[in-house]
1. Under the definition of partner shielding as Cβ atoms of other protein chains within 10 Å of a residue Cβ, what is the mean value for peptide A:322-331?
2. Using the Cα gyration tensor of chain B, with a ≥ b ≥ c the square roots of its eigenvalues, what is the shape: rounded (a/c below 1.5), prolate (a/b larger than b/c) or oblate (neither)?
3. With the radius of gyration and the Kirkwood radius both derived from the Cα set of segment B:32-88, what is their ratio Rg to Rh?
4. Are any of the pairs A:K48/B:K48; A:K48/B:K327; A:K96/A:K216; A:K77/A:K258 more than 26 Å apart by Cα-Cα distance, and if so, which?
5. Over segment A:72-169, what number does the Rg to Rh ratio reach, with both radii from the alpha-carbon atoms and Rh per Kirkwood?
6. Does segment B:180-335 come out rounded, prolate or oblate by the C-alpha gyration tensor, with a ≥ b ≥ c the root eigenvalues, rounded set by a/c under 1.5 and, if not, prolate when a/b is larger than b/c and oblate if not?
7. Relative contact order of chain B, please, whole-number percent, based on alpha carbon pairs below 8 angstrom and at least 6 residues apart.
8. Would segment A:225-310 count as rounded, prolate or oblate if I go by the C-alpha gyration tensor, calling it rounded below 1.5 in a/c and otherwise prolate when a/b exceeds b/c, oblate otherwise?
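Taken together, the values in this text are just the output of simple stated rules run on the coordinates, not laboratory data. Small disclaimer: the values here were computed from a predicted structure and weren't measured. A quick note on method: Cβ atoms are made from the backbone with ideal geometry, for glycine too, and the neighbour counts reach across all protein chains shown.
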There are 2 protein chains.
Amino acid sequence: MITDPLRDLPTFADIEDAALRLKGIIVHTPLLRSDALDAAVGAPVWIKPEMLQRTGSFKMRGAWNRISRIPDADRPKGVVAFSSGNHAQGVAETAKVLGMKATIVMPSDAPAAKIESTRRRGAEVRLYDRINESREAISAEIAARSGATTIRPFDDSWIMAGQGTAGREAALDAAAMGVTFGSLICNASGGGLLGGVAVAFEALSPSTDVYVAEPKGHDDLIRSLDAKKIVANAPGVRSIADALMSPEPGVLAFEIHKRRVKGGFTASNDQLLDAMSFAFHHLKLVAEPGGANALAVLLNNRAHFASRGPVLIVLSGGNVDAEMFAKAIARPPPA
Amino acid sequence: MITDPLRDLPTFADIEDAALRLKGIIVHTPLLRSDALDAAVGAPVWIKPEMLQRTGSFKMRGAWNRISRIPDADRPKGVVAFSSGNHAQGVAETAKVLGMKATIVMPSDAPAAKIESTRRRGAEVRLYDRINESREAISAEIAARSGATTIRPFDDSWIMAGQGTAGREAALDAAAMGVTFGSLICNASGGGLLGGVAVAFEALSPSTDVYVAEPKGHDDLIRSLDAKKIVANAPGVRSIADALMSPEPGVLAFEIHKRRVKGGFTASNDQLLDAMSFAFHHLKLVAEPGGANALAVLLNNRAHFASRGPVLIVLSGGNVDAEMFAKAIARPPPA
């Protein structure tokens, strides 16, 4: 069990502990099917739709598991976090429910929907310039001044254990139906969700091969796995997957990735938009670009995954502006 | 139990029987929550998202329950149905799975997404002119010529019992969580879904008040309940809720409505678009105009429903063209 979340790796016992803590707070998202997707892939596919999670992404799982552990004495000082949006909302909603003050450092070019949703949840938003300012420095200054607890987006084992509850739910629900996934595909930015999901499947379904989905140009984890050490993305490469722009994998998360991630694939901006269109037309789900990454990877590597039997895809979020979504769904969905 | 589906009303035993028949074929859709919706309404709201059902609407529940009962001797002659789209897809997908031929009579102005999805499922589509042709006459002619079994959209008790499985699932899932809905809101066109849901709740949660949601100008059921007899809509009134344009309630369904529906509300086209926007921004679900009717009614009658405690809304479908959806989500969601 974790005693220092910045040092100890999460185990399955930590995920079980997080699941108890999250009960009644977060949504046990269902496993969904689609006959259109099954037909397109040529294998049965199960969908874990985390856009249906509270705040529209998986992020509140980790935020709740971390923030709810802050000692009573420190709670009045609040929390501070930096985030392009989904972590921001998870932290803001958690702080609101717990009656704590939250300050979120967000890039000024984050989707308006994410900035607005963060403010609506009562958080103070400090916008920064992605090019000329350091979000880490701004957060550290706020924490030093206010005594607020910093809530990291991924490199914290309580955060990872919280995100891992999504994997635990999927593995338990599949087992209850007698289904064993040959493979699962989960997107990664810092890799907290992927790390947590991988630990859950290691315990509950160790035969399932774990794959990472990354946006093209942000394949830091795939390259880090190849290099057997953490390597960063080239600076300045932009992707429409605003949720997946961490420069490199988290240090703690990468220890799990090295142990459990079998491989990975990237998806281009066009492939992400096509996957969003597929999700709209066939799944009736709203996926943001990053949230559609696993679907995009599946649709562009069908034979690879179909040959491994039943597939699980984790769709991580749906916080997307109307303009971007309208652009995606105007594209014909991939056949 | 039903012996003649054009005469006998469905009972809860018929819904239980349908549930057994549908097991493994249709999706047991989850009950979803949204903190944004709870806050907007001022009461806990549960969402039954039938856009996540196979074929993107609830309609396959009834289609499967009806078509799978066709005797072996009649199966080679196929089925015929008329539908603006969702029933078409439910019938087409069922026939495809059962290896039967399906002919669907569809209005030429039905959403392209629905016509395309029906064809993709292997059905033959016969388009007709809504103004100058009679869909009933065309269907009858096809049935007489081919010996195909006519699959009515709602006025058939096996169809209603199938649709009622959505209500059975919601009532059982709520009971398992210790939740009792004070009220439920379900849209109606011919009223088969509403009739089936009402029978399920009569058996499983009789204290839940049942309300109907109708598009403005298509409030035939609300006016029929007032008049205590079936009255039709004025001809020629158009709504964007293409799924909800039956001229009057079904004769069998209305017998249930009279017994169990406490009241109803309408929603204008603008209110339907606003509800679609709310579902996009906050629920991350794709709702078609008719599928958003219950949400629109809830958002425009908040005090009425909040005073009755926990609310269930049935969102019946998500088969909407990208253009219409883009138009809806460009509107700011109702606060």
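1. Mean shielding by partner chains, rounded to a whole number: 5.
2. It is prolate, given that a/c is not under 1.5 and a/b is the larger ratio.
3. 1.24
4. A:K48/B:K327; A:K96/A:K216; A:K77/A:K258
5. Answer for segment A:72-169: 0.97.
6. oblate
7. Relative contact order here is 22 percent.
8. oblate
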